[in-house]
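The block underneath contains the structure these notes are about, expressed in structure tokens.
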Amino acid sequence: MSDDITTVLPAAGDTPGRRARREPAQATPVFPPPTEGDLVQAELPPDPFPQLPSDLATLDARGITAWFGDHQVLDRVSLTMPAGEVTALIGPSGCGKSTFLRILNRMHELVPSASLAGEVLLDGVDIYDTGRKLTEARRDIGMVFQKPNPFPAMSIYDNVIAGLRLTGVRASRDEKDYLVERSLASAGLWKEVKDRLRQPGGGLSGGQQQRLCIARSLAVKPKVLLMDEPCSALDPTSTRVIEETMGELQKEVTIVIVTHNMQQAQRVSQQCAFFLASQGQPGHIVEHGDTAAMFDSPIDPRTYDYVNGRFG
Ligand SMILES: Nc1ncnc2c1ncn2[C@@H]1O[C@H](COP(=O)(O)OP(=O)(O)O)[C@@H](O)[C@H]1O
Ligand SMILES: [Mg+2]
């Protein structure tokens, strides 16, 4: 688990004139979430965790503006990320894609001085509503990072179920066995590791570690999976395996992926949003919509230039 998600840092007071939507200080360990597994082997037993629903959900960001201190990095970004589809966020470095992604599961507020305005609706419910728990948002909306971050000394098995404790779910041995198999199968890793579940996660290849992190996210059955350049540290073969996995996963979880690889955006996504921050201005969405249309017939000339590799 990366350092930045293990501790919720103290929140500053609201900044006048902005809706600084910060939670009070908590020491709640948090982290990525997951999904349901229809695509898993047909012989799997019925779901032992019906109390953790995982229906496909739409994520709707409305008027997201973000700051680090006085530095505004996003300006009124609105984007609907439809249920069961893959939405790709593209754009040059520094235009706020990662910040936007982190706002989508309440990780932005971990940064001291960070604040934001706007709403993030998960099937119509604002994840920033007071009364909604931080851990709930993070369980419903999981995150996979650029660098695979399994617990290296922990077994593959325990890595997969590491999130259960954090979300307060108690499970029997049989239930855990089931979840481990289903999550690994959904992440496209089961066959490769089923005979060495007790070996450390750190012994896997980079691509396998990334799929282990996906499995760990899936074990708590998220509704949305956020992926921030999940393949940029991987070789082409591992990248291809993850892309194929995403194609299966989107049947059970809504996916939002940041990628700098234009071919990847075209291969994996149905929706696409082009972010840009020009000349010290905060990042905003220049154009968004159907991925094929964005690449074949973009409306804005800047989108045309970017998707054709002319800058960024
Ligand atoms: N923790 C942070 N503290 C201060 N500024 C930050 C922090 N993270 C990102 N930024 C700034 O926010 C802007 C957007 O960054 P980021 O969201 O990482 O963009 P991208 O993912 O598109 O490369 C950049 O100007 C970056 O320097
Ligand atoms: Mg980034």
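As an exercise, use a Förster radius of 51 Å and the Cβ-Cβ distance of Q270 and S172 to find the FRET efficiency, rounded to the nearest 0.05.
It comes to 0.85.
Need one number: nm distance between label points at F311 and K251, each 7 Å from Cα along Cα→Cβ, rounded to one decimal.
4.2
What length, rounded to one decimal in nm, is gained on full extension from T80 through to E192, with 0.36 nm per residue of separation minus their alpha-carbon distance? It would help to have the intermediate numbers written out before the result.
Values: separation 112, 0.36 × 112 = 40.32 nm, distance 3.57 nm.
Taking 0.36 nm per residue and subtracting the Cα distance, the gain is 36.7 nm.
If you take every residue apart from P148 with its C-beta less than 11 Å away from the C-beta of P148, what net charge results, scoring Lys and Arg +1 and Asp and Glu -1?
Here the count lands on +3.
R0 = 51 Å: FRET efficiency of A153 with S297, Cβ-based, nearest 0.05?
0.50
When a footprinting reagent is the concern and you count Cβ atoms within 10 Å, what order do D296, D290, D228 take, fewest first?
Working: D296 10, D290 13, D228 19.
Fewest-to-most ranking of D296, D290, D228: D296, D290, D228.
Of all the Cα-Cα pairs you can form in the stretch 180-312, what percent are over 18 Å apart?
Details: 5117 of 8778 pairs.
Counting every Cα pair in the stretch 180-312, those more than 18 Å apart make up 58 percent.
Treating the Cα atoms of the stretch 86-230 as identical point scatterers in vacuum, please give the log10 of the normalised Debye intensity I(q)/I(0) at q = 0.09, 0.13, 0.16 Å⁻¹, two decimals.
Per q value, in the given order, log10 I(q)/I(0) is -0.31, -0.62, -0.90.
Which value, in Å to one decimal place, does the Kirkwood hydrodynamic radius take for the stretch 137-177 when every pair of different Cα atoms is included?
11.7
If you project the alpha carbons of the stretch 161-219 onto the principal axes, what extent comes out on each, in Å, largest first?
That gives 30, 20, 20 Å along the principal axes, largest extent first.
Round to the nearest 0.05 the FRET efficiency obtained for S93 and Q263 when R0 = 22 Å and r is the Cβ-Cβ distance.
So, using R0 = 22 Å, E works out to roughly 0.75.
For the residues R165, R62, what sequence is obtained by ranking on other C-beta atoms within 10 Å, fewest first?
Going from sparsest to densest Cβ surroundings: R165, R62.
So, in Å, what gap is there between the alpha-carbon centers of the stretch 95-109 and the stretch 255-303?
Their Cα centres are 17 Å away from one another.
What is the diffusion coefficient of the stretch 237-312 in µm²/s, taking the Kirkwood radius over Cα pairs and the Stokes-Einstein relation at 4 °C with a viscosity of 1.567 mPa s? The partial results should precede the final answer.
Working: Rh = 13.5 Å.
D, rounded to a whole number, is 96 µm²/s.
Taking amide H positions as placed in the peptide plane 1.01 Å from N, state which residues far from A57 in sequence (5 or more) or on other chains have amide H under 5 Å from it.
Residues meeting the amide H criterion: G84, T254.
Taking the Cβ of each residue in R267, R211 as the centre, tally the other Cβ atoms inside 10 Å and list the residues starting with the fewest.
R267, R211
Starting from the stretch 59-149, pick out the chymotrypsin sites (Phe, Trp or Tyr not before Pro) whose DSSP state is loop and whose Cβ has at most 13 other Cβ atoms within 10 Å.
On the way: sites: W67, F68, F100, Y128, F145; in loops: Y128, F145.
Nothing satisfies the criteria.
Give K97/K223; K133/K194; K147/K176; K194/K223 a once-over and call out the pairs whose C-alpha atoms are over 31 Å from each other.
Details: K97/K223 20 Å; K133/K194 35 Å; K147/K176 26 Å; K194/K223 26 Å.
Violating the 31 Å limit, Cα to Cα: K133/K194.
Quick note: the coordinates plus some simple rules give every number you see, no bench work behind them. A quick note: this is a predicted structure, and the numbers were derived from the prediction, not measured. So basically every Cβ, Gly included, is an ideal-geometry build from the backbone, and we count neighbours across all protein chains shown.
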